Amino acid sequence: MRLNKKTLARVSHEPVAFDEINIKDKFWQDEDWDCNMPSPGFITDFVLATRGIESPSKFSIWVAINMISSVLRRYAWIDWVPKALYSNFYVCLIAPPRICAKGTVINWGMRILGKYHTFISDPERHLEAIVRFIRNKATPEKLVIEMLPQVLRPKGNSRVQVDKGSQVSIVVPELATFLGKQTYNEGIIDLLTNLYDCEDEWTYSTKKEDVLRLRNVFVTFLGGTTADALSSSIPFSAFGGGFMSRMVAVVQDRPTRSRPKPLQVAGGPSDEELARRLAWIGQNVVGAYQLSEEADLAYCAWYDKFFLERIDFSNKQMARYDNILLKLALIIRASRYAEGRNIELQDYEDAKRLMEATYKDNKKVIEGVGAPQIVKLRSTIEGYLFKKKEVRRRTALMAGSNRWSVDQFDRVIDRLCQEDQVQILLNDKIRRRSVKDSKEVYKWVGHE
């Protein structure tokens, strides 16, 4: 069940996007990547405001995208089958340590996002608009508890209830801290993968067999890390199960500008003005959106070619590229401060250009992520099984408790079974996949 899409108080006039041409003291040089900037709107306004720090344009663009996503939540969606397509985003900024101001631009954006609701006068909408942040590392159970549906009441009106559902923005400037290999984090990747799909109802069973029920799920994720940390500190489980195909990795391998000290852009938007513009988007961009006829034709023509290329599935990053492209087109449509519910051809083309540039830049980093770790881990488990020839599951997990997790072991075992290197036996019957029964026996049948 979706949130109530009641009529909202609207700002009387649409904001007008700032134009860098009108800035008299333009102290920065345009970046090559600026050619991927979308049409004027909130995204370009935020980029202009951040020109005075060392964050590159692409980082500012994707932080602004995450901000709009957190504002739209389930109030705006694309008509889709069998369920609405909501514009939630998982974004990770990746750059070498202490350059490109990853944390600075993330915190700047979240500071604005944290106060935009103060510019909404309607008391009920004001409460609905408040963003619920999660900033600290947490176990899967604690994260679900933080997401339990909230029902609030406006001040002075005890009869009105405001249902915020299970909607949160996860913000972690150091991604490795949140998704690290600590034991209590083992299930966090699978949890985030499941929450991405914005289910109307979703349940989670705790270790004490309690059932936690989430409603109207909507999760955005914004993190920062380095390429080395992404490869060495993120759990093995992050590279399987579809998590990486849901995450937009925004890679910058070198700084684009030098700032001995941060500078204010005179004549650019203030934090207050940016918050006010976010409030306009939150109040006015509501309801079901659809591609215009021209945008739909362009998307379908692109998809035919994409479908043939995706059959290979060799690049896991591309598995959900089409859905992310459509979500981005809606975000860019919302950014333009325009009435109406059509995603125009220009919105789609802006989204396509921005996606292509972002994924082109991240390809080398993503292809290398996790590969040395996976190869080494598989080799270790292969060596153990070859030496033992035949071993029970419980024995293998106890023997490798300091070398591999249960999740890692299961993934390698299933792969070795598919390659006919290992037989999985349960009650003397051969199985094609592990059912994670402690009585399973793994028998080495492969090459030496």
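Key figures
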| quantity | calculated |
| --- | --- |
| Förster radius 51 Å - calculated FRET efficiency between residue 389 and residue 210 (Cβ-Cβ, nearest 0.05) | 0.75 |
| Label selected from (i) 29, 29, 23; (ii) 34, 28, 22; (iii) 41, 26, 21, the criterion being semi-axes √(5λ) of the Cα gyration tensor in Å as computed here | (iii) |
| Scaled radius of gyration (Cα, divided by 2.2 N^0.38 Å) that segment 65-201 gives | 1.16 |
| Average Cα contact separation per residue, the chain, under 8 Å, 6 or more apart, as relative contact order % | 21 percent |
| FRET E, pair residue 13, residue 309, Förster distance 56 Å, beta-carbon r, rounded to 0.05 | 0.80 |
| Euclidean distance of C-alpha centroids, segment 251-289 and segment 115-150, integer Å | 21 Å |
| Charge context of residue 420, other residues only, Cβ under 14 angstrom, K/R +1, D/E -1 | +2 |
| Residue 35-residue 142 pseudo-label distance in nm [points 7 Å out on the Cα-to-Cβ vector] | 4.7 nm |
| Cut-off 14 Å between beta-carbons: net charge of the residues surrounding residue 429, Lys and Arg +1, Asp and Glu -1 | +2 |
| Neighbour-limited loop hits for GluC sites (Glu not before Pro), segment 240-349 (at most 11 other Cβ within 10 Å; DSSP other than H, G, I, E, B) | 339 |
| Förster radius 51 Å - calculated FRET efficiency between residue 433 and residue 353 (Cβ-Cβ, nearest 0.05) | 0.75 |
| Amide hydrogen neighbours beyond the local backbone of residue 132, cut-off 5 Å, H modeled | 169 |
| Residues of the chain: accessible area per residue with a 1.4 Å probe, Å² | 48 Å² |
| Carbon and sulfur %, accessible surface of the chain computed with the full protein complex present, 1.4 Å | 50 percent |
| Difference of contour (0.36 nm per residue) and Cα-Cα distance, residue 420 to residue 342 | 22.9 nm |
| Hull-based mean projected area of segment 87-165, where the convex hull spans the alpha carbons, in square nanometres | 7.3 nm² |
| Local electrostatic count, residue 268, Cβ distance below 13 Å [Lys/Arg +1, Asp/Glu -1] | -3 |
| Long-range amide H partners of residue 76 with built H, under 5 Å | 287 |
| Above-threshold pairs, the threshold being 26 Å between Cα atoms, out of 83/436; 26/261; 207/439; 137/436; 102/363; 26/102 | 83/436; 137/436 |
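The values are calculated or read from the model by the stated rules, or taken from the named source; none is laboratory data. Small disclaimer: the values here were computed from a predicted structure and weren't measured. Glycine gets a Cβ as well: all are built from the backbone with ideal geometry, and neighbour counts include every protein chain shown. The area values use the complete protein model at the heavy-atom level, side chains included, leaving out ligands, DNA and RNA. Shrake-Rupley method; radii C 1.70, N 1.55, O 1.52, S 1.80 Å.
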